[in-house]
Structure formats: structure tokens, C-alpha cells
Amino acid sequence: MEQKRQHFLLVTYPAQGHINPVLHLARRLAAANGAAVTFSTAVSAHRRMFPSLAAPDDEVQDGPVAHIPFSDGFNEEGFVWGTHDVHHYLSQLRTLGSSSVSSILQRLHGRGSPVDCVVYTFFLPWAADVARANGVPSAQYWIQPATVFAIYYHYFHGYSSLITTACNSEDPMSTTIDLPCLPSLRARDLPSFLTIQPDDPYAVVLSMFKDTLDTLDRKCALSSSKPIVLMNTFAELEEDALSAVEGLTLIPIGPILSSDAGRDLFKLDEKGYMEWLDSKPHGSVVYVSFGSVRSRWRRS
């Protein structure tokens, strides 16, 4: 009897820094054991990844990976930080995303290719609830270092006051922060979302991380087995961090790298900045990249 192919549904937040690590994992899964892999992100990102589609939500077979997008209610232009209301977006993302991903699971089941496991990134904790409602196991894929995961976990499990006090001390750069199984840290070593002010537009991101970890806590309470978190790292690099969290199964699967190009959400910059930089004397220019989320006015 022919063995059934495992089928993984990978669901990710529609941002460049989330999409490429998940695409690399998708290709690794397909290549390693011939698994069927379906990749899902929001329609707005999907249509930029595949700009020649007749319809923005058309399904795509890109090599060994199938692409089926979900709706977050911002299908045309996508959510833009600083332009759209983030709380409204997160509500839409959870409500419409949950319904849409559930429909994808049911659609694939109806085609005779049911999903065996849903893998989701942080900021999409509701994907675990959708998987459970459809009788499908799930695992979180943490695309940042295991040390960062451990810091967030400890912050939301009894160490928030310690961290906040240290960051607000008279000399935060020299005040040490000691967390279980981690080396001594200082404020500058922490993820920036732990140290920004409450009135910062990006302060809401901290609550998004909290939702992600709260979902793992609920999974732990509802199951006799420990929730699985896949880590984009390897044991020799972060052995202590991988053992810093009790109650969860942290599995190092990295480094998840690929020689293949990812899928770009942004048009290539044709303004010749790199040529200008290359024309300057060695060591004479500092190039600062703010990434694809933060925006800066010309004056700043």
C-alpha cells in the first residue's frame, strides 16, 4: 500500500520578514520527505508575490509549494502602519483570517488532500484555534532566535516587573537583568518592543506577542502533551535558550536558509543608492536601513 503524503499548511503574517523564512521552511519540508506543502499569507501580499495573476486570490503552484491566500479584509492595498488603524486591522485579521483559513482547510480536505499539520508564525495565534476546531494538529514556527523567544516568554511569565525596573533605572545600560537559563542581559540586549513607551505607535506589537504566548499557554492547558514551537536555530548555537522554557517543546530546525530567492513584496529600488555608496572611499559612509515597516520623513 502506498504511504500517504503528509500535508503541511504554513500560515504566515503578510510581512517580508515573515514570508521568506516560512517559504524557506516550506521548500525544506517539500524537499526533505516529499510532503505536500501549502503556503498561505494575506491576499494583499499574495498578489504582490505573484503580480501577473488574473485575480488577486488565485491559487498558484510554485514548484513544490502550493499558494492559497487568506483574507484579512485588506485585500487591495494591504495594511499600512501609520495609515490604517492597527486595532481595527488586528480585529479583521483575526475574524476574517480565521474564517478564511478554516475554509482553506475544508477546501483541501474536500479535494482529498487533508492537512496533517498547520504551522503558523507569531502574530497569527488564532491559526492554532482554527486548526484545533478542524481537528488538525498545529505548531508555531518562531522565526527569530530562541533567545528572543525565551526573553518574551519570561517577560509574560513573571519577569515583567524585573525587566521594566531595570530598563527604567538610573543607569539602564549597566543594570543587569538575569532570566532563567540565559546569560546576564542589559536593556540594550532586549527586544525593542519591551522598552518603547506606551504611547509609541508600535507599542501594540507587544500585545501581539502576548497573544501569541497566551495561545501556547491555552494549548498547554487543553492538552496532555506540550505545545510544539519550531525554532529557526540549532542546538549548538542556543543550547541554553532552548532549555529556558518549561512546559513547551522547543525544536531547533535551523538554520533555515535557502539559496533560492524569496518572494519580494516591494519593487526593486532603481535609484542607484548602492552605486553612490560604492563610489565613496572605504569606511567613509554609514548606511542605515530602517526595514520595511518603519517610515521616516525626509527631515529625520
* Asked: Within region 214-226, which residues are under 25 Å from residue 29 (Cα atoms) and out of contact with any Ser or Thr (no Cβ under 7 Å at 6 or more places or on another chain)?
  -> 215, 216, 219, 225
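Can you pull out the residues in region 116-133 that are surrounded by 18 or more Cβ atoms within 10 Å (Cβ to Cβ) and not in a helix (DSSP H, G or I)?
So the first thing to find is which residues in region 116-133 are surrounded by 18 or more Cβ atoms within 10 Å (Cβ to Cβ), and the list is 118-128, 130-131.
Passing the criteria: 118, 119, 120, 121, 122, 123, 124, 125.
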* Structure fact -> Taking first residues from region 97-124 that are closer than 16 Å to residue 140 by Cβ and without any contact (Cβ under 8 Å) to a residue 60 or more places away in the chain and second residues anywhere that are crowded, with 17+ Cβ neighbours inside 10 Å and polar (S, T, N, Q), the pairs with Cβ under 8 Å that are 6 or more apart or on different chains are 97/71
* Asked: Taking interchain pairs and intrachain pairs at least six residues apart, which have beta carbon atoms under 6 angstrom, with the first residue in region 42-64 and under 18 Å from residue 30 (Cα atoms) and the second in a strand (DSSP E or B) and modelled with pLDDT of 95 or more?
  -> 60/67
* Tabulated pairs, region 136-152, first more than 23 Å from residue 8 (Cα to Cα), second surrounded by fewer than 22 Cβ atoms within 10 Å (Cβ to Cβ) and among the small types (Gly, Ala, Ser), C-beta under 7 angstrom, 6+ apart or interchain -> 150/244
* Got at least one residue in region 153-171 being of a type in the set (Gly, Ala, Ser), part of a helix (DSSP H, G or I) and closer than 30 Å to residue 257 by Cβ? -> no
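Criterion first (at pLDDT 95 or above, outside any helix (DSSP H, G or I) and touching a helix residue (DSSP H, G or I) at 6+ places or on another chain (Cβ under 7 Å)) does residue 136 satisfy it?
Criteria met by residue 136.
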* Structure fact -> Over region 172-198, the set of residues of a type in the set (Asp, Glu) and either surrounded by 12 or more Cβ atoms within 10 Å (Cβ to Cβ) or modelled with pLDDT under 85 (or both) is 189
* Give the residues of region 55-86 that are buried (at least 17 other Cβ atoms within 10 Å of the Cβ) and among the acidic types (Asp, Glu), sorted by residue number. => 72
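Any residue at all in region 193-202 that is free of Cβ contacts under 8 Å to residues at least 40 places away in the same chain and in contact with an Asp or Glu (Cβ under 6 Å, 6 or more places away or on another chain)? Reasoning before the result, please.
To start, the set of residues in region 193-202 that are free of Cβ contacts under 8 Å to residues at least 40 places away in the same chain comprises 193, 195-200.
Right, trim to in contact with an Asp or Glu (Cβ under 6 Å, 6 or more places away or on another chain) and you get none.
No - not one qualifying residue is present in region 193-202.
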* Structure fact -> Taking region 29-54 and the residues there that are buried (at least 16 other Cβ atoms within 10 Å of the Cβ), in a helix (DSSP H, G or I) and not β-branched (Val, Ile, Thr), the one that is nearest to the chain's Cα centre (by Cα) would be 45
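Of the residues that make up region 262-270, is at least one under 17 Å from residue 25 (Cβ atoms), at pLDDT below 80, of a type outside the set (D, E, K, R) and within 29 Å of the chain's Cα centre (by Cα)? So that I can check it myself, show each step before the final result.
Step one: list which residues in region 262-270 are under 17 Å from residue 25 (Cβ atoms), which gives 262-263.
Within this subset, residues satisfying the condition of being at pLDDT below 80 are 262-263.
Now restrict to residues that are of a type outside the set (D, E, K, R): 262.
Applying the additional criterion that residues be within 29 Å of the chain's Cα centre (by Cα) yields 262.
Checked region 262-270: at least one residue is under 17 Å from residue 25 (Cβ atoms), at pLDDT below 80, of a type outside the set (D, E, K, R) and within 29 Å of the chain's Cα centre (by Cα).
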* Asked: Any idea how many residues of region 215-228 are farther than 14 Å from residue 120 by Cβ and under 19 Å from the mean Cα position of the chain (by Cα)?
  -> 1
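The values are calculated or read from the model by the stated rules, or taken from the named source; none is laboratory data. Remember, it's a predicted structure, so these values are computed and weren't measured experimentally. Reconstructed Cβ throughout: ideal geometry from the backbone, glycine too, with neighbour counts over all protein chains shown.
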